[in-house]
Amino acid sequence: MAFWLALLVYLGAALGGIAYAVLRGLALWRKVKRTGGTFGEQAARVAAGGDQIQVHTERMNASVARLGETSRRLSTSRRLLDVQLQAVREARETMRRLLWFVPGA
């Protein structure tokens, strides 16, 4: 009799364990489905952010190219201005030497 009682307890525990595992598995499956949807939404948000970063990077590269060109033009203009200022200084010095006798010249 003890054997049959032990067998009955064993079978009850085994069936209870299987039922518990099945219920926990179903709960896990539901959580995975919900989490998968959330991951999908977040992945789409991250991808959109990546697209925005790409756009900003392209704009930045275009601005850097324009800045480089503008800097080259400014450098050329500055060198031309330096030459012209030197010519004006030399002309003033020449006029002072020639017109030393004129007051205020």
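Taken together, the values in this text are just the output of simple stated rules run on the coordinates, not laboratory data. Worth saying up front: this structure is predicted, and the values here are computed from it rather than measured. Note: ideal-geometry Cβ built from the backbone for every residue, glycine included; neighbour counts use all protein chains shown.
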Per the charge dipole of segment 56-97 (beta-carbon charges, Lys/Arg positive, Asp/Glu negative, Cα centre), the residue among V64, L80, A91 reaching farthest to the positive end is A91
If each part is reduced to its alpha-carbon centroid, segment 82-105 and segment 32-66 end up apart, in Å, by 64
With 0.36 nm assigned to each residue of separation and the Cα-Cα distance removed, R24 to S63 gains 8.3 nm
Among [x] 96, 14, 8; [y] 25, 16, 12; [z] 26, 22, 11, the entry matching semi-axes √(5λ) of the Cα gyration tensor in Å as calculated here is [x]
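Using 1/(1 + (r/R0)^6) with R0 = 25 angstrom and r between the beta carbons of L74 and T94, what's the FRET efficiency to the nearest 0.05?
Numbers: r = 30 Å, r/R0 = 1.21.
Efficiency for this residue pair is about 0.25.
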If one compares the long axis through the Cα atoms of helix 2-98 with the longest principal axis of the Cα atoms of the chain, the angle in degrees, nearest 10, works out at 0
Once the dipole of segment 4-105 is set up from charges on Cβ (+1 Lys and Arg, -1 Asp and Glu), the residue from the list G49, G37, A21 lying farthest towards its positive end is G49
The size of the Cβ-based charge dipole (Lys, Arg +1; Asp, Glu -1) of segment 19-87 about the Cα centre, to the nearest 20 debye, is 360
